[in-house]
Every structure is written in C-alpha cells, then in structure tokens.
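*Asks:* What follows is a single structure, and I will ask about it in a moment.
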Amino acid sequence: TSGYADIAVSFFAFLAFYTLYKHEGNRFYEGNRLLSVAFASAAAVTKQAGIYILVFILCWNLWDMSKPREKSSAHKPFKSILLMILMVILIFASWYIYKEIQISEGLDHSEVKHVTHRIFKGKGYDQRLMDSLGYLYNYKSGLKGKIILIVPLLILLSLFHKKSRYVTLFVIIPFTLIWGFFFSYDHRNLTLVFPFTAFSMA
C-alpha cells in the first residue's frame with residue numbers, strides 16, 4: 001500500500017529471467033526471447049534498477065544466439081536481434097527519451113543525483129559499501145543480524161550448483177555491489193535481487 005515500485009520491478013525482472021530459464025538447456029524460441037525482452041523492458045520503465053536486468057537479459061539472448069546453429073537457421077539471429085531492438089525502443093527508450101525531454105524543458109525533474117549526493121555526503125565508495133553491510137546487519141526485523149550472516153553463506157554454496165551459479169555471478173553479486181556503492185541509502189532499493197537470491201539459495 002506504500003505505492004513504491006520495488007515489488008513491481010522485482011516481479012517483472014524475475015518474470016523476464018524465468019521466461020528464458022524454463023527453456024534452459026534447450027534452444028530459446030523467438031517468442032520467448034521477445035517476451036523476456038518485453039518483461040525486462042517493463043522492469044526498466046517501472047524503476048531505473050530494472051535497467052540492469054534489461055542489460056542482463058539482452059546479453060543472455062545474444063550469448064544464446066552466438067551458439068553454433070544449423071545452416072538453415074543462419075538468418076534468424078539477425079531477425080531476432082532486430083525484433084529485440086525494436087521492442088527495447090518501443091517500451092524502454094521511448095519512455096526515457098520522453099522523460100529526458102520533459103526534464104530538459106523544466107516540466108519534470110530527476111532526484112537520483114540529488115538524493116545520492118545529499119545522503120552520502122561525500123563518502124567514498126569503500127565507506128558506502130561498509131555502511132550498507134552495517135545497514136543490513138542492523139535492519140529492524142526478527143532476523144536482525146542473521147540475514148547478513150546466513151544469506152551470503154547460502155549464496156556462496158549456490159556457486160557449486162550449475163543452474164544457480166550464473167544467476168549468483170551475474171545478477172546477485174553485481175547488483176548488490178551496485179546497491180552498496182550507489183543506492184544503499186534505502187534497503188528497498190535492493191528488492192529487485194530478492195527473488196533471484198531466493199532462487200539461488202533454494
């Protein structure tokens with residue numbers, strides 16, 4: 001009921017991942033590619049944190065398309081890339097271009113730089129990261145102190161499992177570091193990574 005977009009961006013981000021993951025080990029169908037990019041683009045326009053997932057999903061699709069294919073389908077990667085670019089332009093780029101025009105004309109404003117500068121008060125990245133760990137450790141809940149002790153252990157164990165290793169290496173760890181360096185002034189900015197963390201720990 002708070003109106004924050006963090007749950008929504010987490011939903012779209014994990015949905016984009018699952019759309020591809022359910023076919024992991026098999027060839028992705030073009031429909032799955034486009035759906036994954038559409039969901040990732042939806043995450044990116046829901047909140048800026050979703051841009052990370054959009055990049056991740058695009059890279060995953062491109063990596064899959066780079067695998068050797070039969071000659072009869074050699075023309076399909078170009079078509080798929082073109083359709084994905086179109087999807088990103090229609091959903092993601094069009095919105096950010098529109099908002100950028102509004103900001104430049106003074107009809108709207110961005111609070112990202114102002115908020116981070118005001119809250120961190122010139123702290124270095126190393127101090128920001130240490131503060132973010134302390135913030136998680138002291139988070140007011142029944143799990144106070146336990147989250148930061150238990151979760152990293154289970155995430156490290158996930159590195160030994162093939163299906164969760166890449167999620168841990170390319171989503172959980174990088175996004176958590178980005179949060180620690182730039183957006184750790186609020187724990188809800190880390191929400192996007194929660195479903196992926198649950199997936200890897202499970």
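The values are calculated or read from the model by the stated rules, or taken from the named source; none is laboratory data. Computed from a predicted structure; not experimentally measured. Please note: Cβ atoms are built from the backbone with ideal geometry, for glycine as well, and neighbour counts cover all protein chains shown. Note: areas computed on protein heavy atoms with side chains; ligands, DNA, RNA excluded. Shrake-Rupley method; radii C 1.70, N 1.55, O 1.52, S 1.80 Å.
*Asks:* From largest accessible area down, sort I101, I51; use a 1.4 Å probe on the protein chains.
*Replies:* I101, I51
*Asks:* Ordered by residue, what ³J(HN,Hα) values in Hz, to whole numbers, does segment 158-171 give under the Karplus form 6.51 cos²θ - 1.76 cosθ + 1.60, where θ = phi - 60° and Gly and Pro are x?
*Replies:* 5, 5, 8, 10, 4, 6, 10, 4, 6, 5, 5, 6, 10, 10
*Asks:* What does the highest-first list of 54-61, 83-90 look like by mean Cβ count within 10 Å? Please list the in-between numbers first.
*Replies:* On the way: 54-61: 19.5, 83-90: 15.5.
By packing density, highest mean first, the sequence is 54-61, 83-90.
*Asks:* Working out 0.36 nm times the residue gap between Y166 and S104, then minus their Cα-Cα distance, what length gain in nm do you get to one decimal?
*Replies:* 18.4 nm
*Asks:* If you plug each phi of segment 192-197 into the Karplus form 6.51 cos²θ - 1.76 cosθ + 1.60 with θ = phi - 60°, what whole-Hz ³J(HN,Hα) values come out, in order, with x for Gly and Pro?
*Replies:* Residue by residue, segment 192-197 yields 3, 7, 4, x, 5, 5 Hz.
*Asks:* Per residue of segment 49-55, in order, report the coupling 6.51 cos²θ - 1.76 cosθ + 1.60 (Karplus, θ = phi - 60°) as ³J(HN,Hα) in whole Hz, putting x for Gly and Pro.
*Replies:* With coefficients 6.51, -1.76 and 1.60, one gets 4, x, 4, 4, 5, 4, 5 Hz.
*Asks:* If eta is 0.890 mPa s and T is 25 °C, what Stokes-Einstein diffusion coefficient results for segment 13-61, Kirkwood Rh from Cα pairs, in µm²/s?
*Replies:* It diffuses with D of about 237 µm²/s by this estimate.
*Asks:* Once fully extended, how much extra length lies between F11 and A198, figured as 0.36 nm per residue of separation less the alpha-carbon to alpha-carbon distance?
*Replies:* Separation in residues times 0.36 nm, less the Cα-Cα distance, equals 66.0 nm.
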